[in-house]
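Notes for the one structure printed next.
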Amino acid sequence: MKTIKIVTVLVFFLFTAGFSQAVEIESLESLYLIDRLLSLSGPGAPEIVDDLVIFTASSALRRVGIAFADEGFGKVYWFRQLLVSRDPLDISPHEKNPNLHRDSGIVFHVYQIPEEATEIGYRLIIDGLWTSDPANPHSRRNNAGLSWSVLTVPPRETVHSPLKGPPGSLSFVFKGPPGETVSVAGDFNGWDPFMYELKEGPAGNYSINIPLPPGTYQYVFFHRGQRYLDPYNGRRIYSKDGKSASEIVIQ
């Protein structure tokens, strides 16, 4: 199960079982995920975003949980409530200690798709009752009469490598919302966030090739004023001030 770690500016708050947790973004996948969550108009069928699945339900339900077939349905993950910012114009000046967030109408759970998985089997527990997913028409039933929902996983995209570009260069790729400004910076340009701006190809897919001599390089992406690690490169370093960066070696 994937955990979205806390490393940047807050985007939304999650509330579950009377307990609040601030969730922030570590990677490009979670940035795209949060944009998708905030664009939802209401609960619906499970949605695959990169290597994650968003399960949603109505916040009018008392409590919603989910359990997965690959864990023998033995562990329940409780959905969390998505709160969105209130329009300042809707806040009365007479309100004492006004709540700055409102219920979006959605509770959700984010699931990391296991490697090599071709389908996901799961069951929901809604207000104390086990059930298949009413928003997903695809289900199975065993000889004992137990039914569960099934979600087919599409073929995965080929994982990009920063070394995929021409020899003596690094190929940087960023996937996110379309029509925005994305740049890359590192120790190869003094960490200047404006020098190398990625070009957008297919909607939401940004890329740039930068010629560099052999050596070891650290870098991050900049988007909406925030730093992001390279999701296609698992190698990273941490500076003394606690900041992280992706690292790559050109032979």
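The values are calculated or read from the model by the stated rules, or taken from the named source; none is laboratory data. What you are looking at is a predicted structure, and each value in this text was computed from that prediction instead of being measured. As a convention, Cβ positions derive from the backbone with ideal geometry for all residues, glycine included, and neighbour counts pool all protein chains shown. Side chains included, ligands, DNA and RNA excluded: accessible areas come from the protein's heavy atoms. Shrake-Rupley method; radii C 1.70, N 1.55, O 1.52, S 1.80 Å.
Within segment 32-47, the only residue that satisfies the criterion of being assigned to a helix (DSSP H, G or I) and among the polar types (S, T, N, Q) is 39.
Screening the candidates 241, 192, 187 for the property of being over 20 Å from residue 50 (Cα atoms), acidic (Asp, Glu) and out of contact with any strand residue (DSSP E or B) (no Cβ under 9 Å at 6 or more places or on another chain) yields one hit, 241.
Within segment 120-167, restricting attention to residues that are at pLDDT 90 or above and among the small types (Gly, Ala, Ser), which residue is surrounded by the most Cβ atoms within 10 Å (Cβ to Cβ)? That would be 149.
Within segment 186-219, the set of residues being assigned to a strand (DSSP E or B), out of contact with any Leu (no Cβ under 8 Å at 6 or more places or on another chain) and open to solvent by 40 Å² or more (accessible area, probe 1.4 Å) comprises 196, 197, 199, 200, 205, 211, 216. Of the residues that make up segment 86-109, is at least one at pLDDT 95 or above and among the β-branched types (Val, Ile, Thr)? Scanning segment 86-109, I find no residue that is at pLDDT 95 or above and among the β-branched types (Val, Ile, Thr), so the answer is no. Exactly one residue out of 222, 172 is part of a strand (DSSP E or B) and open to solvent by less than 30 Å² (accessible area, probe 1.4 Å), and it is 172. I need a count of the residues in segment 162-182 that are within 20 Å of the chain's Cα centre (by Cα) and either within 19 Å of residue 246 (Cβ to Cβ) or free of Cβ contacts under 8 Å to residues at least 40 places away in the same chain (or both). Number satisfying all stated conditions: 8. Filtered by the rule that a residue be within 16 Å of residue 206 (Cβ to Cβ), open to solvent by 50 Å² or more (accessible area, probe 1.4 Å) and assigned to a loop (DSSP other than H, G, I, E, B), segment 226-250 gives a lone residue, 232.
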